[in-house]
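I have placed the structure first, in the form of structure tokens, so that the comments after it can refer back to it.
The values are calculated or read from the model by the stated rules, or taken from the named source; none is laboratory data. Since we're looking at a predicted model, the values are computed, not measured. Note that each Cβ is placed from the backbone with ideal geometry, even for glycine, and that neighbours are counted across all protein chains shown. Side chains are part of the model used for accessible areas, which takes the heavy atoms of the whole protein and leaves out ligands, DNA and RNA. Shrake-Rupley method; radii C 1.70, N 1.55, O 1.52, S 1.80 Å.
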Amino acid sequence: MKKSTHRIRSGLIFFLPLLILSLMGGGCEKRSGDEARAEDVAPVPDYYSLIRSADKLILSEMTINKMATVEDLGLNQAKGSKQTMDAILNLFKIGTRKGAYSYNTYLRAYIDLSELTPGDVEVDTAARLIRVSLPEIRTEFAGRDVEVREDHYRVTGLRTNIGADERARVKEAMNEALRKEVEERAGFRDRLTASAREKALAYFTAFAAENGYTAEIKFK
């Protein structure tokens, strides 16, 4: 019995180093696997270039309508002797003469992302956060209707028709008055800028979320 017990202990001593070596080998394989997986992780995209590539980002647009009327000159509108004489003659003409015209001018708000610098985009991969410092929101006129709309037209009796030249002059007068109104009254641009700011926040928040990040946006 003693002899048999001794052989069993010897067997345990013999296999113990093999077991330790086996465990050590398994540990080495695990580390190698971790290293291989680390090498497979994709590099962080160049979010600065991606954002800057949008260049001029149009965020909001406003349509401004302007209306004007055309009618024979009255005495209360006359300036100078010639206009006064024309106004007096108009009093004796038979019939009526009046036209109402309108057209749209378009104002838009945008961000010029070509002004973005590398320091304006910070990516925190650990916190999964993208910080973006955006250029200021600007506004500009984005065009106007080619032709005026004729909303009302009534010429009767011996009154002369309203011609194309007269309509063109009315349109230019409306355009000049509208531009002056937009420049002098901040309400137009303020409303447009506020809308653009909200859309910019929504746009870049969605951009970050699509890439697995949250966004922290501010304007210069």
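General remarks:
- Given (1) open to solvent by less than 80 Å² (accessible area, probe 1.4 Å); (2) over 28 Å from residue 89 (Cβ atoms), number of the condition residue 146 does not satisfy: (1)
- Test: residue in the stretch 155-164 that is out of contact with any strand residue (DSSP E or B) (no Cβ under 9 Å at 6 or more places or on another chain), under 30 Å from residue 110 (Cβ atoms) and either at pLDDT 90 or above or not small (Gly, Ala, Ser) (or both): no
- Scan of the stretch 131-187 for residues that are among the polar types (S, T, N, Q) and either within 31 Å of the chain's Cα centre (by Cα) or under 17 Å from residue 65 (Cα atoms) (or both), ordered by number: 133, 139, 175
- Test: residue in the stretch 169-184 that is among the aliphatic types (A, V, I, L, M) and loosely packed, with under 14 Cβ neighbours inside 10 Å: yes
- Any hit, the stretch 68-89, residues being surrounded by 11 or more Cβ atoms within 10 Å (Cβ to Cβ), among the β-branched types (Val, Ile, Thr) and modelled with pLDDT of 90 or more: no
- Test set (1) modelled with pLDDT of 90 or more; (2) in a loop (DSSP other than H, G, I, E, B); (3) within 30 Å of residue 195 (Cα to Cα) - residue 111 fails condition number: (2)
- Residue 189 vs. criteria of a type in the set (D, E, K, R) and loosely packed, with under 13 Cβ neighbours inside 10 Å: no
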